[in-house]
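Right, one structure below, let's go through it.
The values are calculated or read from the model by the stated rules, or taken from the named source; none is laboratory data. Not measured: the values here are computed from a predicted model. Cβ coordinates were reconstructed from backbone atoms using ideal geometry, including for glycine residues, and neighbour counts include every protein chain displayed.
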Amino acid sequence: MNDRFLMKEIQPGAYTAMRGLEKYMASTGINPLHKELLKVRASQINGCAHCLDMHTRDARKLGETEQRLYLLNAWRESPQFSEQERTILAMTEEITLISQRGLSKETYDKAIQQFGESGTAELIMAIVTINAWNRIAISTHQLPGQ
């Protein structure tokens, strides 16, 4: 891959703002493992090697199993994921692939039922945040481990 600039060096204000959003996300009520699962799933969809590398390692540190990480791409067919995780993963896919249909009424209603309005809003912001990070990392060819 060609060397490209580091966003934090060229646009430090924007990068600091993104870090601020990440800091806010760390203060939410989202289960840390659920947060990593949605980050890994969005990064799989977007093809972000840098974020996949980072967030699979972070998930393992939180106790995530290799089996579940391997099966994450096929979560609908995998009994290893809880109902809450299935809702989070459906939200992640629908929001990441927003142009296909957006967040469906069915998934939105399940999220509200399981997480309430505040928890659903936090999940939406977490998904939006990882998608922004994916786009920065992919656009600047940020390599795994960088």
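May I ask you to say which residue of ALA59, ALA74, ALA132 is assigned to a helix (DSSP H, G or I), under 16 Å from ASN31 (Cβ atoms), modelled with pLDDT of 95 or more and among the small types (Gly, Ala, Ser)?
ALA59
Here is a yes/no grid of residues against (1) over 25 Å from ILE124 (Cβ atoms); (2) not hydrophobic (A, V, I, L, M, F, W, C):
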| residue | (1), (2) |
| --- | --- |
| ASP3 | yes, yes |
| ALA14 | no, no |
| ARG19 | no, yes |
| LYS23 | no, yes |
| GLN84 | no, yes |
| LEU89 | no, no |
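What's the number of the only condition in (1) under 12 Å from the mean Cα position of the chain (by Cα); (2) closer than 21 Å to ILE112 by Cα that SER27 fails to meet?
Going through the list (1) under 12 Å from the mean Cα position of the chain (by Cα); (2) closer than 21 Å to ILE112 by Cα, SER27 breaks only (1).
Please go through the range 19-56 and pick out each residue that is at pLDDT below 95 and touching a Phe, Trp or Tyr at 6+ places or on another chain (Cβ under 7 Å).
Once the filter is applied, which keeps residues that are at pLDDT below 95 and touching a Phe, Trp or Tyr at 6+ places or on another chain (Cβ under 7 Å), the range 19-56 yields nothing.
Each row is one residue, and each column tells you yes or no for (1) closer than 20 Å to ASP58 by Cα; (2) under 12 Å from the mean Cα position of the chain (by Cα); (3) in contact (Cβ under 8 Å) with a residue 24 or more places away in the chain.
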| site | (1), (2), (3) |
| --- | --- |
| ILE98 | no, no, no |
| GLY102 | no, no, no |
| GLU106 | no, no, no |
| GLN114 | no, no, yes |
| GLU117 | no, no, no |
| LEU123 | yes, yes, yes |
| THR129 | yes, yes, yes |
| ILE138 | yes, no, yes |
| HIS141 | no, no, yes |
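Does THR56 fit the bill of being exposed (fewer than 14 other Cβ atoms within 10 Å of the Cβ), free of Cβ contacts under 8 Å to residues at least 40 places away in the same chain and hydroxyl-bearing (Ser, Thr, Tyr)?
So THR56 fails the test.
Can you say whether GLN114 is within 23 Å of THR28 (Cα to Cα), surrounded by fewer than 17 Cβ atoms within 10 Å (Cβ to Cβ) and of a type in the set (S, T, N, Q), as far as the supplied structure shows?
In short, yes.
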